[in-house]
Amino acid sequence: MSLQRTPRVAIVGRPNVGKSAIFNRLAGRRIAIVHDKPGVTRDRIAVTCDKAEIPFELTDTGGIGAVLEDGFADQVRTEADIAIDSADLILFTVDAREGIHPIDETLANVLRRSETPVLMVVNKVDTEKTEPHAAEFAALGFSDQVNVSAAHGRNFSRLDNLIEVRLKELGVSLVEEEKQQAKRPIQIALVGRPNVGKSSLVNAILDDERTIVSDVAGTTRDAIDIPYQRDAVNYTLIDTAGIRKRGKRDTSVEAFSVMRSERSIRRADICLLVIDASSGAVSQDRRIARMVLDAKKPCIILLNKFDLYHPDADFRDRIELFRDELGDDLFFLSYAPKVATSALNREFLGKIFTAITKVVKTAQDPVPTGVLNRLLHYSIERNPPPVRHNKRLKLLYATQKREDRPGPVPVPEYILFVNYAKLLTRTYERFLENQIRSEYPMEGLPFVFRVRSRKKQSVDERKSKSKS
């Protein structure tokens, strides 16, 4: 959990154990519908609880096991995975009157194996006389248990205190690590093919001759880390060796240098892909761009030597033309900001850091979970996915991955819980990404989807079994 955002607390359990009633009590007002009929709550309902010292986002989930198709194990696992991935603390709710149910046991097994803290909430313990009914739930193996009555408000002050204690413990355990992450400089890797002006750009930014600049391709043999401060922000500029095609790497030293450059891409917070304006984007630029994309790194495209790019044309026309050309050549990096620079004339260097600042800020503000689900469901309804193997992709829920070590430029990862992961094609994934970016451009950031199946078997596996 990161204390830079509101902690998330999720109420989970099988149908009709009183989750919505507990939700309303903790929220301090009637929000969720409370009904004796199982499965009334289908969508996840969230509200911010700010009466405690640590405000938190409380989510009421649908009853796990409300709809049983091929047994409940797969569904329980999926719903539990959603809660685990989206919450920092789980309130595992059970019914004291009915005792331990098989769904409780299955859900408990999944929750125990996770690293997410769990508070067991035994509901419908209305009086002291019914307290012994809650004792059997100790067999589920959770050390933290509180017996409550949502109908009568019994023991809710204790539940409030326990939630606050657990969130404080969670925060204290990470606070020093987060301070160190905040202190760590933002690592900026300048990457590109040889002789595009990476070292010249570093020297221009530093206003110093810190790296060797030469017209001979491959002058920089190693990745060089250079501390740099601008506007009270600490950076590390990583000047990397030019990456040539494999067939043109003439020495083992150069091969090693390229490996170091590739490693620099992986350890960087943001990659600046440097393109030579005099030649435009060539096939090797596209290969390097693919490396950045595959590493899932934030990216900014720099067109260096802009003084040589159609120098006789009007400035605005030059800017428009270069953005159009690079947009076509590097279409798969359409989200990357494009900045024109000239290391030789030391022009437009400030625009590089304006773009970096914007990317850093965007990374701190990912797409909210509610908006993400709305956009995805709307996109799927408007343009349904194709049928594959006589099945169609169904989206159950989407959430942002809970990240414990975000670093200074965290790349948001979004987890899609679906019926079968194999049904999501790359083409349809790009369609969904484009629909989300139409409202949340997330400029400079790759869009990382993690897809999880509700079913353990893939469609192909089931098909092969049916043939046999």
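The values are calculated or read from the model by the stated rules, or taken from the named source; none is laboratory data. Only a predicted model underlies this, so the values are computations on that prediction, with no experimental measurement involved. Cβ placement follows ideal geometry from the backbone for every residue including glycine, while neighbour counts extend to all protein chains displayed.
Structure notes:
- Failed item in (1) at pLDDT 90 or above; (2) surrounded by 15 or more Cβ atoms within 10 Å (Cβ to Cβ), with residue 439 passing the rest: (2)
- Residues that are of a type in the set (Val, Ile, Thr) and part of a loop (DSSP other than H, G, I, E, B), drawn from the range 383-432: 409, 411, 425
- The one condition from (1) among the charged types (D, E, K, R); (2) in the same structural domain as residue 424 (by TED's automatic domain parsing); (3) over 30 Å from residue 60 (Cα atoms) that residue 381 does not meet is (3).
- The range 287-309 residues that are modelled with pLDDT under 90, paired with ones that are of a type in the set (D, E, K, R) and part of a strand (DSSP E or B) (beta carbon under 9 Å, 6 or more apart): 307/347; 308/276
- Filtering the range 134-148 to residues that are without any contact (Cβ under 8 Å) to a residue 40 or more places away in the chain and touching a strand residue (DSSP E or B) at 6+ places or on another chain (Cβ under 8 Å) leaves 134, 138, 144, 145, 146.
- Members of the range 360-372 found to be modelled with pLDDT of 90 or more and in contact with a strand residue (DSSP E or B) (Cβ under 6 Å, 6 or more places away or on another chain), listed by number: 372
- Set 115, 131: member being assigned to a helix (DSSP H, G or I) and either touching a helix residue (DSSP H, G or I) at 6+ places or on another chain (Cβ under 9 Å) or over 17 Å from residue 15 (Cβ atoms) (or both): 131
- For the range 339-385, the set of residues classified as over 27 Å from residue 48 (Cα atoms) and of a type in the set (S, T, N, Q) consists of 341, 342, 345, 354, 357, 379, 383, listed by residue number.
- Here residue 339 meets the list (1) of a type outside the set (Phe, Trp, Tyr); (2) farther than 20 Å from residue 279 by Cα; (3) surrounded by 12 or more Cβ atoms within 10 Å (Cβ to Cβ) almost entirely, failing just condition (2).
- Scanning the range 342-359 for residues that are buried (at least 20 other Cβ atoms within 10 Å of the Cβ) and within 27 Å of the chain's Cα centre (by Cα) returns 352, 355, 356, 359.
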